[in-house]
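The values are calculated or read from the model by the stated rules, or taken from the named source; none is laboratory data. Just so we're clear, the structure is a prediction, and the values are computed from it rather than from any experiment. Virtual Cβ from ideal backbone geometry, glycine too; neighbours counted across all protein chains shown. Ligands, DNA and RNA are excluded from the accessible area calculation, which covers all protein heavy atoms including side chains. Shrake-Rupley method; radii C 1.70, N 1.55, O 1.52, S 1.80 Å.
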Amino acid sequence: MKYECHGHIAADGADYRLAMARHEGGASEVAVRAELAKLREHGVTYFRDGGDRVGASALAKSLAPEYGIEYRTPIFITYKRGGYGGMYGRAFDDMRGYRALVREAAELGADFVKLTASGMLDFAGDGSVMGGEMPTDELREMVRAAHGEGFAVMTHVSGADNIKRAIDAGTDSVEHGFWADEAAIRAMSDAGTIWTPTCAPVTNLLGKSDDPRFCDATLRRIWDAHSAMLRYAYGLNVALASGSDSGAYGVPHGRGTDDEYAALATLGIDPARGNAAVRERFARR
Ligand SMILES: [Zn+2]
């Protein structure tokens, strides 16, 4: 199997706003089919969507068998209002609102729950994590509620302390995990947490971007730190999955999956075990 363990079928890897405009007033079957065709062209046979707020991943799941793809989706990201997740998510204010969103996702065919426990990186500036921290006790309650419904939890999180909190809270996977440190990685190893390091959004732009939203020196610092921590994690037997965040800028569907495998290969990392772990865990029970 060829695995894409983190993508967003709603987006096209080029222009987020334009892609979302195609889904205005309901997920566009033409657009979703076009992206699924790219995945098939590149031989992708497993796709774990990171969610969207336009129903594209739900539609993709229903069409994916025609393309020979095993498709898993949280339907949308579930995030705390004021935190990170507006691009692909639905916000809640309290646990009651959270549980209602989880139920709604379940009714729409969700396979797992997607949370956020930090913001994105400031690629234009110094690469630091932009807010969105979640307290461990709240995260723990959210993870427990998801597990109680038979859902595994995929958590978007970067920054060493945020990552440690997400692992303490019991997340099944850490997504992105930029600026991890050795203690965070030992925690992953101890807890059996899967790490999807989404290298391609960085490596695909490295040395190639004249886009002011991405500072090249920053991309270089992020990649140097990320690759060192990935090697450390692999040495500790952490389950590393290949997910390119395809749909993100510079990461088109299909090609992005190949780019991610290639980026991991440059570090001597074989994601086979991590990918199998994702496939096994991220199906509702
Ligand atoms: Zn994502």
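Some notes on this structure:
- Applying the criterion of at least 3 residues that are out of contact with any helix residue (DSSP H, G or I) (no Cβ under 9 Å at 6 or more places or on another chain) and either aromatic (F, W, Y) or more than 16 Å from the ligand (Cβ to nearest atom) (or both) to the strands (runs of 3 or more DSSP E) found wholly in segment 1-100 leaves an empty list.
Condition check ((1) under 30 Å from D216 (Cβ atoms); (2) open to solvent by 60 Å² or more (accessible area, probe 1.4 Å)) across all residues:
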| site | (1), (2) |
| --- | --- |
| R96 | no, yes |
| V113 | no, no |
| M130 | yes, yes |
| E138 | no, no |
| A145 | no, no |
| V157 | yes, no |
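- Selection status of R220, in contact (Cβ under 8 Å) with a residue 60 or more places away in the chain, away from the ligand (no atom under 16 Å from the Cβ) and more than 28 Å from D190 (Cα to Cα): no
- Considering residues of segment 244-285 that are at positive phi and not acidic (D, E) only, the residue most open to solvent (accessible area, probe 1.4 Å): G268
- Answer from A124, A117 - the residue that is among the small types (G, A, S) and open to solvent by 30 Å² or more (accessible area, probe 1.4 Å): A124
- Some residue of segment 203-216 being farther than 24 Å from F47 by Cβ and open to solvent by less than 10 Å² (accessible area, probe 1.4 Å): no
- Any hit, segment 161-176, residues being closer than 27 Å to Y249 by Cα, away from the ligand (no atom under 16 Å from the Cβ) and in a loop (DSSP other than H, G, I, E, B): no
- Per this entry, E24 is counted among residues that are modelled with pLDDT under 95 and either within 30 Å of T218 (Cβ to Cβ) or open to solvent by 40 Å² or more (accessible area, probe 1.4 Å) (or both).
- Checking each residue in segment 244-285 for being polar (S, T, N, Q) and more than 17 Å from the chain's Cα centre (by Cα) picks out only T266.
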